[in-house]
1. Across the stretch B:258-287, what is the number of residues that are in a helix (DSSP H, G or I) and over 13 Å from residue B:302 (Cβ atoms)?
2. Quick one: residue A:53 ticks every box in (1) within 14 Å of chain D (Cβ to nearest Cβ); (2) without any contact (Cβ under 8 Å) to a residue 12 or more places away in the chain except a single one, so which number is it?
3. Can you pull out the residues in the stretch B:16-31 that are touching a Gly at 6+ places or on another chain (Cβ under 8 Å) and not in a helix (DSSP H, G or I)?
4. When you look at residue B:338, is it buried (at least 20 other Cβ atoms within 10 Å of the Cβ), farther than 24 Å from residue B:93 by Cβ, among the β-branched types (Val, Ile, Thr) and more than 10 Å from chain C (Cβ to nearest Cβ), yes or no?
5. Working carefully through the options A:195, A:190, find the one that is part of a helix (DSSP H, G or I) and within 9 Å of chain B (Cβ to nearest Cβ).
6. Of (1) facing another protein chain (nearest Cβ under 8 Å); (2) in contact with a helix residue (DSSP H, G or I) (Cβ under 8 Å, 6 or more places away or on another chain); (3) not small (Gly, Ala, Ser), residue C:302 satisfies all except one. Which?
7. Residues C:148, C:183: which one is away from chain D (no Cβ under 14 Å) and buried (at least 20 other Cβ atoms within 10 Å of the Cβ)?
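The values are calculated or read from the model by the stated rules, or taken from the named source; none is laboratory data. None of these values were measured; they are calculated from a predicted model. Positions of Cβ are generated from backbone atoms using ideal geometry, with glycine treated the same way; all protein chains shown enter the neighbour counts.
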Protein chains: 4
Amino acid sequence: MAVRAAVAGASGYAGGELLRLLLAHPEVQIGALTGNSNAGQRLGALQPHLLPLADRVLEETTAEVLTGHDVVFLALPHGQSAAVAEQLGPDVLVIDMGADFRLADAADWERFYGSAHAGTWPYGLAELPGARAVLEGTKRVAVPGCYPTAASLALFPAYAAGLAEAEAVIVAASGTSGAGKAPKPHLLGSEVMGSMSPYGVGGVHRHTPEMVQNLSAAAGERVSVSFTPTLAPMPRGILATCSAKARDGVTGESLRAAYEKAFADEPFVHLLPEGQWPATASVYGSNAVQVQVAYDESAGRIIAISAIDNLTKGTAGGAVQSMNLALGLDETTGLSTIGVAP
Amino acid sequence: MAVRAAVAGASGYAGGELLRLLLAHPEVQIGALTGNSNAGQRLGALQPHLLPLADRVLEETTAEVLTGHDVVFLALPHGQSAAVAEQLGPDVLVIDMGADFRLADAADWERFYGSAHAGTWPYGLAELPGARAVLEGTKRVAVPGCYPTAASLALFPAYAAGLAEAEAVIVAASGTSGAGKAPKPHLLGSEVMGSMSPYGVGGVHRHTPEMVQNLSAAAGERVSVSFTPTLAPMPRGILATCSAKARDGVTGESLRAAYEKAFADEPFVHLLPEGQWPATASVYGSNAVQVQVAYDESAGRIIAISAIDNLTKGTAGGAVQSMNLALGLDETTGLSTIGVAP
Amino acid sequence: MAVRAAVAGASGYAGGELLRLLLAHPEVQIGALTGNSNAGQRLGALQPHLLPLADRVLEETTAEVLTGHDVVFLALPHGQSAAVAEQLGPDVLVIDMGADFRLADAADWERFYGSAHAGTWPYGLAELPGARAVLEGTKRVAVPGCYPTAASLALFPAYAAGLAEAEAVIVAASGTSGAGKAPKPHLLGSEVMGSMSPYGVGGVHRHTPEMVQNLSAAAGERVSVSFTPTLAPMPRGILATCSAKARDGVTGESLRAAYEKAFADEPFVHLLPEGQWPATASVYGSNAVQVQVAYDESAGRIIAISAIDNLTKGTAGGAVQSMNLALGLDETTGLSTIGVAP
Amino acid sequence: MAVRAAVAGASGYAGGELLRLLLAHPEVQIGALTGNSNAGQRLGALQPHLLPLADRVLEETTAEVLTGHDVVFLALPHGQSAAVAEQLGPDVLVIDMGADFRLADAADWERFYGSAHAGTWPYGLAELPGARAVLEGTKRVAVPGCYPTAASLALFPAYAAGLAEAEAVIVAASGTSGAGKAPKPHLLGSEVMGSMSPYGVGGVHRHTPEMVQNLSAAAGERVSVSFTPTLAPMPRGILATCSAKARDGVTGESLRAAYEKAFADEPFVHLLPEGQWPATASVYGSNAVQVQVAYDESAGRIIAISAIDNLTKGTAGGAVQSMNLALGLDETTGLSTIGVAP
């Protein structure tokens, strides 16, 4: 079986990473590639690292171009996915790498995105409790945000095991590719090299309600999230430092046991041996997640830290993992747990 | 008046930064420079950026060599400062850039450093409440740690104003110079470029009790601190993301007012206009501190973020600032608030 | 005497670096600051590292605004300087940090810049033979390009001493600030971090004729230059690796002697001890130049390498150095030879 | 068929990269892993990015341990390979990733390495004229140095076509992984981030005679090489800027034609479309080579530039490519031409 896949938005970072992974996927044949402002250009000029596709030319993002594929990946600006998905019909697997269908709460959507809520699709974070059952065979997938992927994987075991109070504090550092390819002054190399800076501070970052949604589901109660994203001087990677007050009776052993249980059979999550901590370099370009957890007795807090590649597990790799589940393929097909380091 | 200054430990990063600042200090004449394993070497080979001192040769760190100066800066490994200071006598200004005399609590010292407590010297963070009175005219200064400098300046106004609960969560990213110049595999450029990683997680980092000491003093009650340091791919800079639950009745306005009051007359602290956030690049090579604060209403937390240069304000600049106070000079002499950017 | 200085183009990297230096210059008082598209904005939002000027507001670049100063620095796009200079009159010192008045040969200008030649002003590279005599007391200065500064200082002693054949090969790596602050996709941090890439290859870079001009003047004959610039993953710095075939009879000793003679009294040029090589980190943020030279006997070539900070010695520091000479101040006033390292 | 492969020297950067590639090679089964000072340690502690091998323990590098494999890769310090290879016998494929067997000229070896010449093995740069015939079926391979790989691929077509004078000038920038994993002060992240610096200047770098050997073979006459390596602030990648005087009658067209002919059927070399230049980011983690060439008419020189990943095509990828040829597998098996970007 060859799965024919189209990519809408092939000129950006998410689209480029997706193509890198699809080129290595043994079951996928790459079909139409689209990009609006870049339609008509050679991919070799836009994504010079994708040598096998250098001579492909981008088309316009239209239903005609995207029709006739088994899977259509959407890497489009917010608010554009619903219309495209509708035209493709219910039998095509549509995987939205944007935010449009991630949130279940319409009020949250409207508050953080300022537009009408398009709906809610199966959420493509397979490692969350119960997620695989929803993803197998689905025709619609909402790929999670990169920060929510990192933070949810770090903290959900503590919440699922009832070990943490319902107030999480998350500080995450992201590589600059998370901010996209549109040129803006503060994203210039001259500005970001040698600098760490926060943004979206104080509960206003759009990934906050998505974290609340995931952690609340794991906890069975509403978990509040204080989330501070920071921009780090590196192209890729997210390091999420997450903490919450420990419930009474938590010990280092009970904490470790909860994480071992949560990740025992996970092919992409590496709960590190005690004493070893995650590093984004170790998961560079891979779909792997490094997780470590500790109990800080003096502060009474659980500290859980995860490292992912924001473009791979945090975006395109998560999308391929969900595609595999949706199509009934082995979940790990075409995905690597080996980072490109040093 | 020319202040004659000696530097013990001139070959490391702290010593090099101190010399960079002293060379620009109009009242200081640089005297003896020492370094143990590097004694006998030209400074030009060890600190090639210090052109005016290129032909100076390092001497052994002995009382004989250090005697005869008005000020002696100690940038020595832990545990060596007390013996040197004693030999220099009570009339020489001794400024310890190490940890030996920072902590007031001997039990804290013993738990975190594993040796006998040497004592407590006046703490050289001039911006803390009451600090200047202790530093003026003193003959002994304990220069604060780099992380405690960043975190204490970010949070003490909230504690001093009674706005924050007594549990702080601090996640800080530091440039690699904070880890020193001794070559270790995990500090190689190949390892750190492109990577973020935590270390000393779970309350074990030695700067934790120093933060507890400073914030507790500001709050008038014991403040617990959950501190996670991370290594960032940049040579210099600390970004400290600090938060605490807000006490009842806190508003964005009361918070802002507390910070404006705390920093109104501070020559080195720049409380940024609302909406602008600190960036380590902006304070690169300077003694300036950028601070911003916000109230996250949905999470009920105060978020205070500071950026410093770990080698300047976080080490050598803080040392010079304290020297100025101790000697009765203008506190800002020889120190800049202008970063080297981009 | 307070020299009143205006800066046209204060929002870019060259303008920002100039202001950083002028703030530390004991004889200069900063007057009008202009910027076209950014007129009306606070400097604190555009140049957050210049704390003392944070509340200054940019004005429009007009003759009215710029009138009434002793010195006017122009950091404007190509082709705009002549008109402004004319309106300021012959008695104001005008220092052009752009390219308009660097080239003596109008045909060269037209070929490389595609517009009419505006003229030729005294060339502000004080270290070149005979340059100081022209700069002292002048009312017009053309600040050299950053690459020509680095390459000319590396090679002119070999040419002035008649040691090198008239064909130079120059490969230089520059930090990204050399490409300016206008946001372009290939200058994004995501693109430049972790990457080296050439541009303007094959004799087409606009700094080529300027190098030919300088080296030919030193040699007394036309020197051809093969120049390849490359973009390096760092904010600042130029490392210029320059070579030429050695003339018959050249030895390592004669080469070294020529360089020692050329730089014997130069306050900013550090001819390194034999065996030590330049590094851009050592001159970061300073006006210093590190130079080293070697004779490769097996290839029969002279290899001369220089390191500068492209924004300081390569642009704004060179401008201040020329201003000092033009105004009769000590040439080194307000300029440092101490790099910010590590 | 499963090819059983052992890796001697699995804890360094070359060994780690080789394992990354072998894990993705469909025909290879990874056997013994050795490392001297690290014997007894878990690979997960030394190479945390190689998740599937995290629990493997390194053994001592002995003939007993290495016996019983189809292929043995040697990533050992200079001078140790000959003894190991001899013990393994003539029927085992031995691939030396060190320098011991690269040079044909014993005098060159002795001059640059200061020890007795061990011999000469088939040189594993398949793209050189005639190389594949020697590699097919061989039991011994000398993997080229990283710089010679980059420089030879950039320039051999010009020499093979008789277009270039026999004096090449090569300036190359390398990521820090090329300097290895042994911790040295000048390789600390604090030192290399933000800095470009040369080393081994003046014909003394050990890769120089290897370049002379390759280019001379292509030219049919002795080619002298002036080679300057520089250390760039990035973990991986080599950008080689190479030039030589053009012979009479060379045109841009004849030059382009020579390169198109040389690389027409090469699976790993991407001769870029005219106007597009190599970037190391584009080949990050891949076995691809980007090449571009131009004729600088005013300087009369051919400029050829290549980009490779020093650890992949420059070391471990080149080793796997040669293994494939030696074993009669498709040359591209297990190797990718897709970079990990941005």
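1. Number satisfying all stated conditions: 8.
2. (2)
3. B:24, B:25, B:26, B:27, B:28, B:31
4. Details: buried (at least 20 other Cβ atoms within 10 Å of the Cβ): yes; farther than 24 Å from residue B:93 by Cβ: yes; among the β-branched types (Val, Ile, Thr): yes; more than 10 Å from chain C (Cβ to nearest Cβ): no.
No; evaluated as a whole, the condition is false for this residue.
5. Working: A:195 fails: part of a helix (DSSP H, G or I).
Unique residue meeting the criteria: A:190.
6. Every condition holds for residue C:302 apart from (1).
7. Of the residues listed, the single one that is away from chain D (no Cβ under 14 Å) and buried (at least 20 other Cβ atoms within 10 Å of the Cβ) is C:148.
A quick yes/no check of all residues on (1) within 17 Å of the chain's Cα centre (by Cα); (2) more than 21 Å from residue B:341 (Cβ to Cβ); (3) not aliphatic (A, V, I, L, M):
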{"site": "B:220", "(1), (2), (3)": "no, yes, yes"}
{"site": "B:224", "(1), (2), (3)": "no, yes, yes"}
{"site": "B:233", "(1), (2), (3)": "no, no, yes"}
{"site": "B:240", "(1), (2), (3)": "yes, no, no"}
{"site": "B:243", "(1), (2), (3)": "no, yes, yes"}
{"site": "B:250", "(1), (2), (3)": "no, yes, no"}
{"site": "B:256", "(1), (2), (3)": "no, yes, yes"}
{"site": "B:262", "(1), (2), (3)": "no, yes, no"}
{"site": "B:267", "(1), (2), (3)": "yes, no, yes"}
